[in-house]
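The values are calculated or read from the model by the stated rules, or taken from the named source; none is laboratory data. Because the structure is predicted, anything quoted here is derived from the model rather than measured. Heads up, the Cβs are rebuilt from the backbone with ideal geometry, glycines too, and the neighbour counts pull from every protein chain shown. Ligands, DNA and RNA are excluded from the accessible area calculation, which covers all protein heavy atoms including side chains. Shrake-Rupley method; radii C 1.70, N 1.55, O 1.52, S 1.80 Å.
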Amino acid sequence: MTTTLNTSHRIVVLDAAPAEVRARVACIEQDKNGFHVHSVRTEAGHEGIGNMPCLLDDVLKEAGWERPDLVVVVIGPGSFTGLRTSCSLAAGLAFGYDCPVVGVTRGEALAEALSAYAAQHECEGWLHVTAARSGRWFVESAAPDALTPGSVVAVRQVDWEPPSGRWLVAGDVGDAVLLKAPDFLEAFPIPGDAGIKDIAKAGLRRSQGHMGDRPALPLYVDPPEARLPAAGLRARPE
């Protein structure tokens with residue numbers, strides 16, 4: 001399904017989900033002619049994630065915007081630190097400018113293209129597979145006509161059993177999936193990384209009610225690795 005978008009919208013996109021640790025911030029305007037990137041900044045590493053407020057300030061100044069109409073943040077699956085930082089920044093930005101904020105997953109950002117391609121090739125559906133830590137993958141799956149993944153799970157590469165049937169595979173570890181998959185799992189070469197425009201478009205669809213609700217909060221597929229001290233927390237100082 002393709003949504004017709006006619007009203008102009010100024011959209012800020014925040015993305016710090018990739019497992020390789022990278023921050024992206026952009027100002028994108030949507031009008032009757034499509035989506036136009038006015039400014040974008042990308043910075044790698046934890047320093048880039050920590051620098052997201054400065055990147056945001058840079059893109060807003062470069063775009064010449066006093067305020068956005070919508071904030072779209074990638075909520076996962078991906079880096080714990082990146083998700084916490086970007087979702088918190090999105091919430092603060094939306095509160096400060098009194099504008100809506102929505103979250104989208106990495107698979108949702110590509111869902112329109114994936115679903116169209118999967119339906120064209122008579123697939124059972126599509127899988128968007130991305131890298132996780134400790135020899136694992138994050139797997140988002142959906143039917144060929146779906147714009148929202150049906151499930152998002154973390155699997156160990158060595159234990160994962162691919163679904164039966166004919167599936168479209170995308171994502172930053174698509175080649176590794178093909179090496180592991182049996183002969184009945186097929187894939188088609190399409191971009192695996194969600195582009196800035198794809199994220200903005202999915203977020204606008206969600207804000208307009210064309211996709212199911214999803215909070216703009218980190219999508220933690222795995223449980224947190226942080227643990228309380230075995231001896232308990234220290235007593236409050238008196």
Quiz item: Can you list the trypsin sites (Lys or Arg not before Pro) in the stretch 59-166 that are in a DSSP coil and have 11 or fewer other beta carbons within 10 angstrom?
Solution: 133
Self-check item: For residue 67, solvent-accessible area (1.4 Å; no DNA, RNA or ligand), Å²
Solution: 90
Quiz item: Among all the lysines, which ones have a C-alpha under 27 Å from residue 32's C-alpha, if same-chain residues fewer than 8 places away are not counted?
Solution: 61, 197, 201
